[in-house]
Amino acid sequence: MIYFGAEQSSGLAQAGETIRNAADSFFNAKSILSFFIILMIALVLGRIIAALLRRITKFIGIQADKTNDLNQVNRLRRVETLIVLSIAIIRGFLIIGAFYFWWVYTRNGQQPTAMLGATALTTIFVVGALNPIIRDLTYGSVMMAEHWFGVGDYVRIDPFDNLQGIVDRVTLRSTRIRGINGEIMWVNNQNIQAVRITPKGIRTLALDLLVSDLDRGLELVKQTNLRLPNNPLMLARPLTILNKQEVGNKLWHITAIGETAPGREWVLEDYALKLLKEIDESGRGKGTLLHEPVARYADVEAEKRFARSIKNSSKRPVKRQIPLSPPVRKKKPRIVN
C-alpha cells in the first residue's frame, strides 16, 4: 500500500513537472515574439494571395457575363466558386504552417516529455475553443463536396424565412448572401439545413387566357407587354406566346410565358393580370377575355418531371388471370359380390 502511494505521488509530481515545462515553453518572451512575427507573416502572405485570386475571380465573372452559352456560364461559375473556396483553404494551411514553423523554431532540443505535454495542452485548448469553427468547417466541406450551390446562384436558406439572395462569397466556415435590396447577410455553414436554388437565377411564369377572338387576344398580350416595366431586374423576358389552341366554338386558349428576377414575381402574377383586364375592359364593345387570366409557374424541367410522375401514377397494374385446373373426377367404388 505504501508502494502504491509512493508511485502515485511520483506520477503526480511528474505530471506537474510536465505542465510546468509546457507553461515555461509557451510563456516566455522569445516564444511569444516569434509567434506573433511568424503569424503576421502568414496573415500578410494570405492577404496577398487572396487579393490575386480575387482579381482572377473578377475576370472570370466578366467572361461569364459576356458569354451567351448557359453551359459555359455554369462552368465559369463553378471555377469561380472553387477559386473563392481555395482562398480560405490556402489561408488555413498558411496558419497551420506558421504554427508548425514556430513550434520547430522555438522547441529545438527540448525534451520529448515537455513537447508531449505542451502538445496535449495545445490540443485541449484548440479543440475546446474552436469547436464551433470546426463544426462550420465540417458542414462547409460536405456542402462543397456535394455541390449544393456556388457563387452567383440565387438561393433561399432554410430554416430562415427571409434569408435569400445571390451567393456572393463561399468559404468552408461561412456563406455571404447579397439580397435583392442590397443587404449583405452572413450565415454560418452549420446553420444551413437546406438550400433552395432558383435554376438560371430567374422565375418563369405562364399566363393562361381564354378569349373569344384569337387576333384580339394576341393584340391584348402585345399591348400588355408595352406597359410592363422594361428593366432586366424587373422583367427578364417579356410575355411570349407559347401556345394558342381552339378549344371550342369561338373559344381560344392562349398561353404566354415571361421571366422575372427572383423576388419580382408580382410583375407577372399581379401587375400583368391587372393590365390585361384593364386593357380588355377599356376596349370598344364586348371584352375579349371570357374569364380572368390565371398565372402559374412554368419551369420546363419541373413540368417534365411532374408530367412523368403523374403519367406513371395513373397506370394500373396488369391483372394476370390464373388458369383454372380441370375438375378431378372421383372414381366410383367397385362393388365386389
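Of the residues making up region 247-269, just one is outside any strand (DSSP E or B), in contact (Cβ under 8 Å) with a residue 12 or more places away in the chain and more than 27 Å from the chain's Cα centre (by Cα), namely K250. When region 159-180 is filtered for residues that are surrounded by fewer than 14 Cβ atoms within 10 Å (Cβ to Cβ) and either touching a residue at least 24 places away in the same chain (Cβ under 8 Å) or within 20 Å of N74 (Cα to Cα) (or both), only P159 remains. Given the structure, is L220 in contact with a helix residue (DSSP H, G or I) (Cβ under 9 Å, 6 or more places away or on another chain) and either on the phi > 0 side of the Ramachandran plot or in a strand (DSSP E or B) (or both)? No: the conditions fail for L220. Note on region 181-208: residues that are out of contact with any helix residue (DSSP H, G or I) (no Cβ under 6 Å at 6 or more places or on another chain) and either over 23 Å from L233 (Cα atoms) or surrounded by 13 or more Cβ atoms within 10 Å (Cβ to Cβ) (or both) total 19. Would you be able to say whether some residue in region 161-170 is modelled with pLDDT under 80 and either touching a helix residue (DSSP H, G or I) at 6+ places or on another chain (Cβ under 6 Å) or aliphatic (A, V, I, L, M) (or both)? Among the residues of region 161-170, not one is modelled with pLDDT under 80 and either touching a helix residue (DSSP H, G or I) at 6+ places or on another chain (Cβ under 6 Å) or aliphatic (A, V, I, L, M) (or both), which makes the answer no. Going residue by residue through region 84-92, is there one that turns out to be at pLDDT 80 or above, within 30 Å of H147 (Cα to Cα) and not polar (S, T, N, Q)? Checked against the condition, which is being at pLDDT 80 or above, within 30 Å of H147 (Cα to Cα) and not polar (S, T, N, Q), region 84-92 yields at least one hit. Can R75 be described as in a helix (DSSP H, G or I) and either hydroxyl-bearing (S, T, Y) or in contact (Cβ under 8 Å) with a residue 24 or more places away in the chain (or both)? It is false that R75 is in a helix (DSSP H, G or I) and either hydroxyl-bearing (S, T, Y) or in contact (Cβ under 8 Å) with a residue 24 or more places away in the chain (or both).
The values are calculated or read from the model by the stated rules, or taken from the named source; none is laboratory data. All of these numbers come straight from a predicted model, not from anything done at the bench. Cβ: placed from backbone, ideal geometry, glycine included. Neighbour counts: every protein chain shown.
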